[in-house]
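Notes to accompany the following structure.
The values are calculated or read from the model by the stated rules, or taken from the named source; none is laboratory data. The structure presented is a predicted model; accordingly, all values stated were derived computationally and were not measured. Don't worry about glycine lacking a Cβ; one is built from the backbone with ideal geometry, like all the others, and counts go over all protein chains shown. Ligands, DNA and RNA are stripped out before the accessible areas are found, and what is left, the full protein with its side chains, is counted by its heavy atoms. Shrake-Rupley method; radii C 1.70, N 1.55, O 1.52, S 1.80 Å.
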Amino acid sequence: MQMSLPCVKQPDVITCKAAVAWEAGKPLVIEEVNVNPPQAMEIRIKVVCTSLCRSDITAWESQAIFPRIFGHEATGFGLEVIRELFFRIVESVGQGVTEFTEGDHVLTVFIGECGKCRQCTSVSSFSEYTVVHSGCAVKISSVVPLEKVCLLSCGVAAGLGAAWNVADISNGSSVVIFGLGTVGLSVAQGAKLRGASQIIGVDTNPEKGENAKAFGITAFINPHDSKDPIQQVIKNLTDGGADYSFECIGDTGMVTTALQACCDGWGLTVTLGVPKVKPEVTAHYGIFLTGRTLKGSLFGGWKPKSDLPSLVDMYTKKEIQVDEYITHNLPFEDVNKAFNLMREGKCLRCVIHMAK
């Protein structure tokens, strides 16, 4: 006797709202888009919160490929095995996905960790729903606030990791940070937690000086207020140059300045910023002959699936600051306001709330 297999309902195409960029630098348009069901090894999630990153601004102002949906610092409720959905904020998984179960909370990340390949895909989160490769989502505790830990999808984690993993800042060292946005201030926090004795912040926005102290900055320099080159000012403050220098602006010209601000022999410069223009880095070879080192940093050297849960755990234990970077909470409909605040330097992180 032949037995019939049970019929499994396949997920449907979802129509939802997304913030679509049609032209570089032009306001995003909230409109309906179709989100296809997940394919093999993909997952579809409902985005609850997403935070605006400076790299979104850079891409929005300069990328030539339009239309597109930006966003990558997201948290969501995730992911249900193919079955009746009821009325819960969950979605579906594609064939072969075994890591996620119904009701999981996830962080999406712009670099994946599938464990099988060298590179993986990135993700868009300025949409109520999105499909990502399962390697680009990280399962986290269901008790942590999604509207806070979405910052660990990129900026805060990238800064902490640059200080801890890439530079490996030592106790009692001197540190200089160019650019005091979320990434730069996260480097400062990481340096403080490692016991750095001097943490110098450099920024042209005078309003950032006082706020930066809460994240560990011990001295603030506005280049516009100094007659001397900024690298010379730093050398004077650090008795010959900083042990560690971090370029968090996205200005390749500042990479040379950051190198010159380091000390001879062992000075290390780490570059984290995403440049708008002139992606090439130029520096006199003599800088390197003195023993200085230049390193790049991608997501702070973290392996997302392996390492992000431990950062979330540190947040729940109040061992790292995350909430303090959130200066604005905005509804999805105000996404263009978030872009303007970021472009004008009037915020650290805007958290955009997708769910009503």
Next item on the list: Evaluate the following for residue 256: is it more than 24 Å from residue 147 (Cα to Cα), at pLDDT below 90 and not acidic (Asp, Glu)?
Entry: no
Next item on the list: Would you be able to tell me the number of residues in segment 10-27 that are out of contact with any Pro (no Cβ under 6 Å at 6 or more places or on another chain) and either assigned to a loop (DSSP other than H, G, I, E, B) or open to solvent by 30 Å² or more (accessible area, probe 1.4 Å) (or both)?
Entry: 10
Checklist line | Among (1) out of contact with any strand residue (DSSP E or B) (no Cβ under 8 Å at 6 or more places or on another chain); (2) of a type outside the set (S, T, N, Q); (3) outside any loop (DSSP other than H, G, I, E, B); (4) within 18 Å of residue 186 (Cα to Cα) - the single one residue 295 does not satisfy | finding: (1)
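Would you mind finding the one in 235, 213 that is under 19 Å from residue 155 (Cα atoms) and either at pLDDT 95 or above or not assigned by the TED database to the domain that holds residue 327 (or both)? Working first, answer last.
Numbers: 235 fails: under 19 Å from residue 155 (Cα atoms).
Residue meeting the stated conditions: 213.
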Next item on the list: Go through the residues of segment 167-177 one by one and say whether even a single one is free of Cβ contacts under 8 Å to residues at least 60 places away in the same chain and open to solvent by 50 Å² or more (accessible area, probe 1.4 Å).
Entry: yes
Check: From the set of residues in segment 269-280 that are open to solvent by 20 Å² or more (accessible area, probe 1.4 Å) and modelled with pLDDT of 85 or more, which is nearest to the chain's Cα centre (by Cα)?
Finding: 272
Check: (1) assigned to a helix (DSSP H, G or I); (2) more than 22 Å from residue 156 (Cα to Cα): which one isn't true of residue 190, the others all being true?
Finding: (2)
Margin query: Testing residue 292 on (1) touching a residue at least 40 places away in the same chain (Cβ under 8 Å); (2) buried (at least 21 other Cβ atoms within 10 Å of the Cβ), one condition comes back false. Which one is that?
Written below: (1)
